[in-house]
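Enquirer: Before we start, here is the structure in question, set down as structure tokens.
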Amino acid sequence: GRGGVMDGAGVLHIRSAVSEQDRAVVQALLQDGFEVRPGVGTAFARLYEQVVMQDARVISNGSRVALLGERIVGHTLLVPRFFYLDGVWVPGGIVAMVVVAQDVRAQGIGRALLQDVEALARKEGMMMLHLAGDIGYYRRLGYVEGYVQARGELEIQGSGLGALRPARKTDVQDLVRLAGHETPVGAVRPDAERWAWVLDTRYPADLLRVNDLLLGFCAGEDHCWVFEEAGEVQGYARACRGEGQWAIYEAGVLDDDRAEGMLEAMGGELGDGPLTLFLPPDNRVMQAVVRAGGKVNVQSDPELLVKLLDIPGVLNLLQPVLNRRLTGVNTLNGVALYMEQGGLVMDQDGVRLAKALEIESVEWKVSLPDMGWARAILGTDRLGDRVRDGGEVDRDVLELFDALFPEQTPYFWLADSL
């Protein structure tokens with residue numbers, strides 16, 4: 001736990017939620033603190049129970065409560081996940097359900113909870129954290145907006161070719177396989193445990209029913225479909241309907257041809273009319289929308305935030321990826337990339353060219369704060385652009401950074417954000 005004097009309110013202590021009574025108090029806090037719309041607090045209270053009791057990956061001490069004296073006045077949840085970065089799975093976690101009782105807010109309890117959960121994450125070997133929240137608050141704690149959001153719109157007219165049917169538990173391995181084809185940078189690993197939990201809980205259906213902030217409407221109907229051709233599962237889609245409109249908020253498909261076939265099948269299932277898609281911009285289904293004449297709008301997502309806890313560790317895991325990228329830089333023949341004393345080092349003919357966090361040579365030097373590295377590694381910012389902004393730099397250096405840290409579109413599925 002973590003202790004400290006709280007201006008006459010008693011000593012703050014943080015520990016794990018260990019009993020059914022603890023969890024009941026946390027649910028009451030969530031119900032009160034998350035009631036931004038009627039029923040949203042109740043949905044989060046139920047989600048808390050589903051995550052803590054049914055998600056096999058939740059660590060036993062991941063639900064953290066803050067106490068003043070004997071009273072539980074705050075909570076945060078750490079859920080282990082692996083995040084996808086260019087073919088490498090980085091151990092990390094989702095921080096969720098951060099709440100403080102209304103009568104003791106603005107006393108540093110939320111900050112203490114975040115510091116506690118980050119210490120726990122480091123102890124568990126997590127290298128990065130994701131959370132959804134107000135950047136104005138979390139930026140002070142080292143979090144940065146690192147993701148994009150994309151919205152596609154299409155008038156569908158489907159022949160119903162192929163078939164959509166409800167996903168079953170026997171489809172888990174097919175869902176894992178298909179999701180693996182559409183895993184965007186920054187997303188969590190779509191493994192069998194993830195899909196089993198989704199099919200059991202139907203998350204985020206409860207939240208979509210009561211919170212119109214997520215999709216722009218409340219959804220009274222929610223589906224997880226698989227798309228079949230010749231008896232084989234070739235794609236999947238998660239869809240909801242409300243207020244006379246349909247939305248797709250997750251989808252994966254084997255290839256481009258099947259993406260167009262699945263759109264046609266959706267027309268047969270949903271009926272002709274407008275369809276809104278909340279998918280990564282390079283998702284095959286989203287690209288099929290573009291080919292069909294639909295519109296896609298991409299912008300930064302101000303609420304999905306990331307923090308790297310171990311930048312040298314992440315770079316170490318990314319070392320094979322970075323080495324592959326170096327092979328495409330014509331002016332850097334013979335460059336070797338490796339880790340040395342926790343830093344990323346590039347050598348050419350025995351001359352050190354760069355080291356992570358303070359990349360330098362005789363003629364140039366680039367330093368980035370941790371938040372800048374988070375955006376560069378995810379690809380939200382191009383590191384080469386940062387170097388250009390700093391003044392006149394050799395073309396070879398810019399080519400190096402553009403190759404190592406290219407622009408990408410990190411995306412987080414709604415169904416993974418808790």
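Enquirer: Describe numerically, in nm with one decimal, the distance between label points set 7 Å from Cα along Cα→Cβ at LEU317 and at ALA292.
Expert: The answer from the label model is 3.5 nm.
Enquirer: Considering only protein heavy atoms and a 1.4 Å probe, what is the carbon-and-sulfur percentage of the accessible area of the range 6-134?
Expert: 50 percent
Enquirer: In Å², and per residue, what accessible area does the range 103-225 have when probed at 1.4 Å with the other protein chains present? Before the final figure, lay out the partial values.
Expert: Details: 5230 Å² over 123 residues.
In whole numbers, the range 103-225 has 43 Å² accessible per residue.
Enquirer: Using the Cα atoms of the range 77-118, I'd like the radius of gyration and the largest Cα-Cα distance, Dmax, both in angstrom.
Expert: For the range 77-118, the Cα-based Rg and Dmax read 14.1, 46 Å.
Enquirer: Would you mind counting up the charge near LYS307? Only other residues with Cβ under 9 Å from its Cβ, with Lys and Arg at +1 and Asp and Glu at -1.
Expert: Details: positive: none; negative: GLU118, ASP370.
Computed value for this residue: -2.
Enquirer: Further question on the same structure: Can you give the extra length, in nm with one decimal, that the chain gains between ILE135 and GLN245 once fully stretched, where that is 0.36 nm per residue apart less the Cα-Cα distance? Present the calculation step by step, with values, prior to reporting the outcome.
Expert: On the way: separation 110, 0.36 × 110 = 39.60 nm, distance 3.05 nm.
Full-extension gain reported as 36.5 nm.
The values are calculated or read from the model by the stated rules, or taken from the named source; none is laboratory data. Nothing here was measured: the structure is a model prediction, and the numbers come from that model. Note that we place each Cβ from the backbone using ideal geometry, even for glycine, and neighbour counts take in every protein chain shown. Please note that ligands, DNA and RNA were not included when accessible areas were found on the heavy atoms of the full protein model with its side chains. Shrake-Rupley method; radii C 1.70, N 1.55, O 1.52, S 1.80 Å.
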